[in-house]
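Note sheet for the following structure.
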Amino acid sequence: MIRFPEHAPFVPGERETLEGLLSRLSPEQRLWLSGYLAGVSPAGAVAAPVAAGGKPLTILYGTESGNSEALAVLSASVAKKRGFKARIRNMAETSVEDLAKMENLLVIVSTWGEGDAPETAVGFHKSFMEGGPRLEKVRYSVCALGDTSYEDFCEIGKQFDRRLAELGASRLTARQDCDVEFDEPHAEWLEKVLVALGDVSSNGAAAVAAPEAPTVEYGKKNPFPAEIFDKVLLNGEGTKKETWHMELNLEGSGLSYEAGDALAVVPNNAADVVEGILKATGFDAQAEVELKGGEKVSFQVALTQHLDITALSRAVAKKYAELNGSAELAALLEDGNKEAFREYVEGRQIVDLLEDFPVGKTTAQQLVLALRPLPPRLYSIASSPLAHPGEVHLTVAAVRYESHGKSRKGVASTCLADLVSVGDEVSVFVQPNKRFRLPEQEETPVIMVGPGTGIAPFRAFIEERGVTGNKGGSWLFFGDQRYSYDFLYQLELQEHLKAGALTRLDVAFSRDQPEKVYVQDRMREKAADLYAWLEKGAHFYVCGDANRMAGDVHEALLEIVVEYGGKSREEAEKFVEQLKKDGRYQRDVY
């Protein structure tokens, strides 16, 4: 139990409340909170333990899912304890001209999808790449977040690194490129940066006593084994879709979430996928191998529980080429053959690489070290904690397809669909998404566009407003293939309409008529009302497919602003960009 000293500036009631709250937080949560409070403290506030006159340090972040922001807050917390006068800045709230004032600059930025800037950093990134002041007085380093399963791994971080140098800034340390497991690389990078800046921890900065940790704490490093207590197929007979509603028990986990957050699921690889790797390599399934962290397991267990054995990336192919010595694969990986490699990778997985370019003298141990850890998969949470205390709900579409003569399937989605049943446990942790939240003011109207499984967070939003009282109006655009088979949560939505938690519902079922109709078409049909809601201050949300739907919805929104706002295309783009900056246009796309 945390106890504040007698001289703490709180009255007894406040002290007891804070002591109780902080005692329930994990060390990771406490560290985040301390860094956050330090980062947002007003000028002149006392922020212990910062050495007086510490070197200024700005930590600029651009985030999509919140990881870069969390690392920025953590970095600020560590830097303050080491004597730096650190502050964090969001790219969405920063102008390019401000960079010239940042003497010591750390940039933490993620790459989203195929080499795109994260949602909150799009405007800043565009302006910075096209212009910006001279930065000869700025010293900097970049920590780039990405995913090696994409060809343009950490591309946005690389662009920031190059552009800062082009504008005359001095590089403190080499850029750190982080894959999905970013905690350790980030910590190593931060240590190097603080040393390069001239760590002033010896200037008398007080050490902070670590709070007493609870016996068991669950989170990213220790996922919680959540029991499945309900699992329902949402699609009707005759559909081409397979969408599951799943309910998991969080009682006793200490995990909490808000509507808009995501749940990370730690999956296992399917037995037939593992068998494909074993057959392609010819390695002994029971041979002992050592994982990157030092743990020793059988090769089969490594393939099943620990390694990404499906996503074929350039990074994996390069490591494998160095092991098996294939001249053909080496030629395919040459810089001049990027297009040929891109065509080869399309629709293929690691098993294809192993079959097309046999292992040769490669060992099981070498292959284990060449593959990356099996990453958790994030699913938008489909429940409100106010409506379902102690529970978390998911909406999961099982991914199955054919390519290059083989049946393929999504790792996590089919793990949930095929490998677990009611009563089984799934390892999970909560991934906050502070950039996808209901408005703080309950009277603010919301417009939600969520076709398919994109309905998940909006089910949570609607449930939340059902509990708190829908004072501002809630409008949902939902779409899928067929009304009879694919109207996810139909009865629930109709009940919410009757109860008032949902004010308006417009649906688009693309295969129910000769011409295909999508949610963006329904938006155009209701354009006058939609713009009127925006004029009343409505927040606009989009969740679902990033490849086409999100872009089509964005285009429809621009057209509506042009037509009903009486604006030029350029003015409409500025209007929509301002909606983003104001937090009134939020997307959770994948």
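Using the structure shown, decide if Y541 is under 23 Å from R437 (Cβ atoms) and at pLDDT 95 or above. Yes, satisfied. Residues of the range 117-156 that are closer than 30 Å to L371 by Cα, surrounded by fewer than 23 Cβ atoms within 10 Å (Cβ to Cβ) and out of contact with any Phe, Trp or Tyr (no Cβ under 8 Å at 6 or more places or on another chain): T148, S149, Y150, E151, D152, F153, E155. Candidates are the residues of the range 86-120 that are without any contact (Cβ under 8 Å) to a residue 60 or more places away in the chain and small (G, A, S); the one that is farthest from C543 (Cα to Cα) is A100.
State yes or no: is A259 over 17 Å from V368 (Cα atoms) and modelled with pLDDT of 95 or more? Give the steps one after another, and end with the answer.
Values: over 17 Å from V368 (Cα atoms): yes; modelled with pLDDT of 95 or more: yes.
Judged against the criteria, A259 is a match.
The numbered conditions (1) buried (at least 18 other Cβ atoms within 10 Å of the Cβ); (2) within 26 Å of N268 (Cβ to Cβ) are all true for G347 except (1). For R408, the criteria (1) on the phi < 0 side of the Ramachandran plot; (2) assigned by TED's automatic domain parsing to the domain that holds V316; (3) not hydrophobic (A, V, I, L, M, F, W, C) hold in every case but one, which is (2). In the range 460-517, the residue that is farthest from the chain's Cα centre (by Cα) out of those that are more than 20 Å from N235 (Cβ to Cβ) and of a type in the set (K, R) is K498. The set of residues from the range 157-180 being assigned to a loop (DSSP other than H, G, I, E, B), buried (at least 18 other Cβ atoms within 10 Å of the Cβ) and either not assigned by TED's automatic domain parsing to the domain that holds A196 or not hydrophobic (A, V, I, L, M, F, W, C) (or both) comprises T173, R175, D179. Of all the criteria given as (1) surrounded by 17 or more Cβ atoms within 10 Å (Cβ to Cβ); (2) at pLDDT below 95; (3) not hydrophobic (A, V, I, L, M, F, W, C), the one not satisfied by K581 is (1). Residues of the range 391-408 that are in contact (Cβ under 8 Å) with a residue 12 or more places away in the chain, farther than 17 Å from A270 by Cβ and part of a loop (DSSP other than H, G, I, E, B): H404 alone.
If the condition is being within 23 Å of the chain's Cα centre (by Cα), surrounded by 19 or more Cβ atoms within 10 Å (Cβ to Cβ) and modelled with pLDDT under 75, then the range 35-79 contributes G35, G39.
The values are calculated or read from the model by the stated rules, or taken from the named source; none is laboratory data. Note that the structure is a prediction, hence the values are computed from the model and not measured. Neighbour counts are summed over all protein chains in view; Cβ atoms, including those assigned to glycine, are modelled from backbone coordinates with ideal geometry.
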